[in-house]
Amino acid sequence: MSSYILIIDQGTTGTRAIIFDEGANPISQSYRQLNQYYPEPGWVEQDAKEIWQSTLSVIKGVIEKSKISPSKIEAVGITNQRETTLFWDKNTGEPLGRAIVWQCRRTVDICEKWKKQGFEKIVKKKTGLFLDPYFSASKIRWAIDNIPSFDFLISQGKILFGTVETYLIFKLTGGKKHLTDYTNASRTMLFNIHRLKWDRELLSMFGIPENILPQPLPSRSIFGKTEKVPFLPSGIPIAAAVGDQQASLFGHGCTLYGDTKITYGTGCFLLVNTGERLFDSPNLITTLACDSKGMPCYALEGSIFIAGAAIQWLKEGLQVVSDPSQTAEMAQRIKDTGGVYFVPAFVGLGAPYWNPKVKGAILGITRGTKKEHIVRASLEAIAYQVKDLVGVVEDTMKFKIKRLRVDGGVSRNDFLMQFQSDILGVPVEKAPYSETTAFGTALVAGLTTGLWSEEKIKFFLKKGKVFSPKMDEEKAKFLYQGWKKALLLLTGKA
């Protein structure tokens, strides 16, 4: 009798469900887009109810498309947008306000206050993170300070906090489990990555009560069983929970020291596996990932806040394309950007600059600048930001990255992937499957349930299309120097 694994991939722009068979092949999937809300400049929110309804919708859709009996689903796995912060009633499961999305910058002032109080060094030492609005802790503090009666409800033990996977685990288990995994916990700025525990000193510093936090477990764990979930029988184990970028790292088979991948999605996320070794970098964060057994190891990460979101802006903001796929063709109509550089700092700059206050800019415009130049500059900006990260990783680890594995929706843009290889001067290998994040989560779930062994999943890892450098090295160097000059004009640093 065949067994299947259902993966819920809850991302920033939408929710996807994929069913994998015993050969780790995706046999069907369903997707639903999510709304984002921008109530004030720099604020980004989502509706927690909509996140849950979209999850139910894609579960129903993927089962109907697969034409399999839900009773054949052996396990459920969850992968998710990280840092996004949700609060809900412990007894009813009703959300308390909208989710505060990882991109939201409303807590810049809180983080600045904490920096002035001297918290930054201890945060970096214990959590591997920078004191930045990106992470969950300042979002929790903002809610305590600004949501009416929030502090009182916490004192009554009525409020729970979680990132998206915690909320979905709670809902999928009928409100019985309040759990997270190490990869997501390590993104809250409250988790001690050395001891693998919530850090009480940090909680005290930030004024955040421990009783609202979920219990952390390894990604390869049983996080409860389904109960009273429409379209699914009760009793299916939730056998994996992995933050999206760590899931992608695992899905690429990047389980050895130095293995590197980057996901091109709404943002861009570079992770390099560092095994049991922690690196203290002034520009990169240290995070928890999964080793070949699905158990905790360390990784260095650089997060670019705006990648695919810049292409989305070309479509929805400037309206110069009707579909993101048009950008590659438009970029190739012209030989270069005509000296135009675009710094897409819509929500500040992430790694390696960590400047939440800088605004985006298009520089080098002349009377001859056309929409094609803006489109091409937008794509090239993504590649330049990646080169920034790769350079910092190599300097930190004293290790030369010889190949970059890539995935994510924006990696379908062949113009960008070729330009990325040209600017880096190394081969860029695209994943052969479009949903690497879900694939990696399926592998972890299969390990948890015993469906697959560590040796067996090695046979599931395939090689995709490879882009090799074609551009003259001097030209690549010249173009990148132009990018650094644009950053210098905006930030005073390059």
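The values are calculated or read from the model by the stated rules, or taken from the named source; none is laboratory data. Quantities reported herein were computed from a predicted structural model and do not represent experimental measurements. Note that we place each Cβ from the backbone using ideal geometry, even for glycine, and neighbour counts take in every protein chain shown.
Among the residues of segment 289-310, which ones are closer than 16 Å to Ser219 by Cα, at pLDDT 90 or above and either buried (at least 24 other Cβ atoms within 10 Å of the Cβ) or among the aromatic types (Phe, Trp, Tyr) (or both)?
Those that are closer than 16 Å to Ser219 by Cα, at pLDDT 90 or above and either buried (at least 24 other Cβ atoms within 10 Å of the Cβ) or among the aromatic types (Phe, Trp, Tyr) (or both): Ala289, Cys290, Tyr298, Ala299.
If you take the residues in segment 453-484 that are touching a residue at least 40 places away in the same chain (Cβ under 8 Å), hydrophobic (A, V, I, L, M, F, W, C) and farther than 25 Å from Gly391 by Cβ, which one is surrounded by the fewest Cβ atoms within 10 Å (Cβ to Cβ)?
Checked segment 453-484; the qualifying residue surrounded by the fewest Cβ atoms within 10 Å (Cβ to Cβ) is Leu461.
So for segment 267-287 (the condition being within 20 Å of Phe20 (Cβ to Cβ), of a type in the set (Ser, Thr, Tyr) and touching a Leu at 6+ places or on another chain (Cβ under 8 Å)), does at least one residue qualify?
no
So for segment 450-472 (the condition being of a type in the set (S, T, N, Q) and farther than 25 Å from Asp414 by Cβ), does at least one residue qualify?
Yes, that holds for at least one residue.
Each row is one residue, and each column tells you yes or no for (1) at pLDDT 90 or above; (2) outside any strand (DSSP E or B).
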{"residue": "Pro233", "(1), (2)": "yes, yes"}
{"residue": "Ala241", "(1), (2)": "yes, no"}
{"residue": "Leu249", "(1), (2)": "yes, yes"}
{"residue": "Leu256", "(1), (2)": "no, yes"}
{"residue": "Lys261", "(1), (2)": "yes, no"}
{"residue": "Phe269", "(1), (2)": "no, no"}
{"residue": "Thr274", "(1), (2)": "yes, no"}
{"residue": "Ser281", "(1), (2)": "no, yes"}
{"residue": "Thr287", "(1), (2)": "yes, no"}
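Applying the selection to segment 14-33, what residues are part of a loop (DSSP other than H, G, I, E, B) and surrounded by fewer than 18 Cβ atoms within 10 Å (Cβ to Cβ)?
Asp21, Glu22, Gly23, Asn25
In this structure, is Phe152 surrounded by 15 or more Cβ atoms within 10 Å (Cβ to Cβ) and among the aromatic types (Phe, Trp, Tyr)?
No: the conditions fail for Phe152.
Just a yes or no: is a residue in segment 123-141 within 25 Å of the chain's Cα centre (by Cα), in the same structural domain as Gln33 (by TED's automatic domain parsing) and of a type in the set (Asp, Glu)?
yes
Working only within segment 197-218, note down all residues that are surrounded by 18 or more Cβ atoms within 10 Å (Cβ to Cβ) and in a helix (DSSP H, G or I).
Leu202, Phe206, Ile212
Would it be correct to say that Ile27 is in contact with a strand residue (DSSP E or B) (Cβ under 6 Å, 6 or more places away or on another chain), modelled with pLDDT of 95 or more and on the phi < 0 side of the Ramachandran plot?
no
Select from segment 407-433 the residues that are within 19 Å of Ile304 (Cα to Cα) and of a type in the set (Gly, Ala, Ser) and write down the one among them that is surrounded by the most Cβ atoms within 10 Å (Cβ to Cβ).
Gly408
For segment 58-158, give me every one of the helices (runs of 4 or more DSSP H) that falls completely inside it and has 2 or more residues that are under 24 Å from Asp280 (Cβ atoms).
Per the criteria, 108-116, 120-127, 136-146.
Provide a single number: the residues in segment 291-307 that are within 13 Å of Ala247 (Cα to Cα), aliphatic (A, V, I, L, M) and out of contact with any Cys (no Cβ under 9 Å at 6 or more places or on another chain).
Qualifying residue count for the region: 1.
Exactly one condition in (1) hydrophobic (A, V, I, L, M, F, W, C); (2) in contact with a Ser or Thr (Cβ under 6 Å, 6 or more places away or on another chain); (3) assigned to a helix (DSSP H, G or I) is false for Phe342; which is it?
Only one criterion in (1) hydrophobic (A, V, I, L, M, F, W, C); (2) in contact with a Ser or Thr (Cβ under 6 Å, 6 or more places away or on another chain); (3) assigned to a helix (DSSP H, G or I) is unmet by Phe342, namely (3).
What number of residues in segment 225-258 are without any contact (Cβ under 8 Å) to a residue 24 or more places away in the chain and within 28 Å of Ser378 (Cα to Cα)?
Qualifying residue count for the region: 0.
(1) assigned to a helix (DSSP H, G or I); (2) in contact with an Asp or Glu (Cβ under 6 Å, 6 or more places away or on another chain): which one isn't true of Ile334, the others all being true?
So Ile334 meets the others, but not (1).
Please state which one of Lys113, Lys139 is surrounded by 23 or more Cβ atoms within 10 Å (Cβ to Cβ), more than 30 Å from Ala75 (Cβ to Cβ) and either out of contact with any Leu (no Cβ under 9 Å at 6 or more places or on another chain) or not basic (Lys, Arg) (or both).
Lys139
In segment 317-338, how many residues are modelled with pLDDT of 90 or more and acidic (Asp, Glu)?
2
Looking at Lys158, Lys139, Lys121, which is the one that is basic (Lys, Arg), at pLDDT below 95 and in contact with a strand residue (DSSP E or B) (Cβ under 9 Å, 6 or more places away or on another chain)?
From the options Lys158, Lys139, Lys121, the qualifying one is Lys158.
Pick from Gly77, Gly157: which is touching a residue at least 40 places away in the same chain (Cβ under 8 Å), closer than 21 Å to Arg220 by Cα and small (Gly, Ala, Ser)?
Among Gly77, Gly157, only Gly77 is touching a residue at least 40 places away in the same chain (Cβ under 8 Å), closer than 21 Å to Arg220 by Cα and small (Gly, Ala, Ser).
Do we find that Thr188 is of a type outside the set (A, V, I, L, M, F, W, C), in a helix (DSSP H, G or I), touching a residue at least 24 places away in the same chain (Cβ under 8 Å) and farther than 15 Å from Gly93 by Cβ in this structure?
no
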